[in-house]
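First comes the structure, then the notes that go with it.
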Amino acid sequence: MEPGADSADVVCDYCVENPSPAVKTCLKCETSFCSSHLKPHLLNKAFSGHTLIEPVADLTDRQCVDHKKILEYYYKDDAEYEELEREIESLQGVQQNCSSKQRDLERSEAEIKTRINELKGKLSKSFSEWRRQLEEDEEYALKLIDEEGLRALSQIRSCSEALNKRMEQITLIDGETQNPDVPALTLNLSNISQLIQKRLNGSEKYHSDILGIIVPASTEYRGPSNVTPPPHSSSGAAPVPGNVLQLSTGITGRAGISQGQRSPMSLDPKTVNWNLVLSDDLRSVTWTEQKQPYPPHPERFKHRPQVLCSQSFSSGSHSWDVETDGEYWGIGIVCGSVEREGNKSELGDNSKSWCLEFYFGDYFDAWHNSKFTDLPLIPSNSRIRVQLDYEAGTLSFHRVTDSLRHLHTFQTTFTEPVFPAFYCGNNSLKLLN
């Protein structure tokens with residue numbers, strides 16, 4: 001800075017209405033800039049050759065005597081100029097990095113918008129079809145009622161005509177006559193209700209169709225690779241099609257170790273969710289996308305692909321083996337009073353169930369009362385031994401190979417009978433013999 005000059009007195013040449021103090025003067029442009037108007041000189045490559053100095057009000061003293069041009073290289077110490085060049089190059093690198101990340105965000109934004117439009121299109125198409133189906137169902141129900149009404153009214157007219165004829169006979173014939181029998185004339189709505197119920201049983205497929213659109217889409221798009229989704233979701237996403245759960249109550253596993261009482265076990269058909277299919281021997285369960293025509297039952301799981309065993313335990317020690325075949329499954333126990341519908345009916349997501357949960361190789365955890373403990377991953381296809389000691393209040397899980405590998409143990413106090421329980425999100429699970 002020139003002797004006696006004050007940089008605070010130098011204002012930005014680009015600020016017209018409200019002049020701001022200049023922070024730099026460009027020898028190339030012969031212009032002073034505030035911090036805001038200086039940014040293009042710092043970030044744009046076109047200005048990389050321009051020399052910036054401390055604010056100067058008068059550049060006359062810096063002109064060449066012979067050529068009347070501003071002297072650009074005025075530093076006494078060349079090292080200072082080189083340092084400034086390195087700083088500018090660093091800022092330019094930061095700018096390029098920011099631009100690259102901005103392009104990545106724009107691509108992600110475009111992908112998300114595309115997925116949203118696709119989902120909205122699919123759902124709109126499904127809802128249109130459902131509205132059409134509901135209109136047909138309404139028309140069908142009204143038609144049944146009209147037909148039954150016509151039948152009942154026709155019967156009334158027939159009876160009325162018969163009564164009129166009998167009255168005419170009475171007036172013509174003297175003597176004893178019998179009172180005619182008139183049948184009870186009512187609307188037969190019980191048959192109608194059965195027909196309508198049978199037709200509307202398929203309406204639950206609407207919910208399955210919605211989940212069939214939403215859930216696969218949530219697994220198709222994961223977002224940027226450096227973003228990790230939370231391990232549990234309250235949305236209750238539906239499982240991916242195709243999984244078998246196999247259960248074992250044999251005396252020993254491959255490890256040749258027996259613990260707890262072994263007794264025959266079977267899956268309970270009245271508890272099985274509509275998206276699960278049981279084997280003929282009631283030892284295996286398989287997930288299916290097609291809803292099954294099971295009759296309504298208060299013990300049936302309505303919102304989660306779950307099933308219980310018919311057997312319950314209220315004392316003693318017991319163990320059973322389960323063979324998993326799929327990427328999304330849960331194994332554990334529940335109290336008989338556990339909820340059968342709603343978000344809190346899922347194994348582990350309430351105070352009345354305890355389970356191990358495996359989810360697509362992303363996580364493997366022990367889950368109880370909506371709290372989970374992360375466990376080291378195991379292969380999705382495994383043999384799991386469950387060991388229950390009712391009086392001790394312990395529920396232990398082991399992986400069975402050539403030996404038993406302890407996975408987790410719950411410690412609690414059981415106050416009511418408990419049932420072996422299974423969540424079959426895809427493929428199958430099986431009780432082993």
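The values are calculated or read from the model by the stated rules, or taken from the named source; none is laboratory data. Only a predicted model underlies this, so the values are computations on that prediction, with no experimental measurement involved. Methodologically, a virtual Cβ is constructed for each residue, glycine included, from the backbone with ideal geometry; neighbour enumeration extends over all protein chains shown. For the accessible areas, the whole protein counts, side chains as well, though only heavy atoms, and no ligand, DNA or RNA atoms are used. Shrake-Rupley method; radii C 1.70, N 1.55, O 1.52, S 1.80 Å.
Quick notes on this structure:
- Heavy atoms of H303 accessible to a 1.4 Å probe, total area in Å² rounded to 10: 100 Å²
- Segment 294-433, accessible area per residue, ligands and nucleic acids excluded (1.4 Å, Å²): 38 Å²
- Sorted on the mean count of surrounding Cβ atoms within 10 Å across their residues, most packed first, peptides 329-342, 279-292, 113-126, 45-58 read 329-342, 279-292, 45-58, 113-126.
- Rg/Rh for segment 294-427 stands at 0.94; both radii use Cα atoms, and Rh follows the Kirkwood definition.
- Per-residue SASA remark: H398, around 30 Å² accessible (1.4 Å probe; ligands, DNA and RNA not included).
- In the assembled protein chains, T413 presents an accessible area of approximately 110 Å² (probe radius 1.4 Å).
- Mean Cα-pair separation over length for segment 333-388, i.e. relative contact order, pairs under 8 Å, 6 or more apart, %: 25 percent
- Across K24/K45; K270/K291; K28/K101, pairs whose alpha-carbon gap is larger than 26 Å: K28/K101
- Between N164 and S279, the contour length at 0.36 nm per residue exceeds the alpha carbon distance by 35.0 nm.
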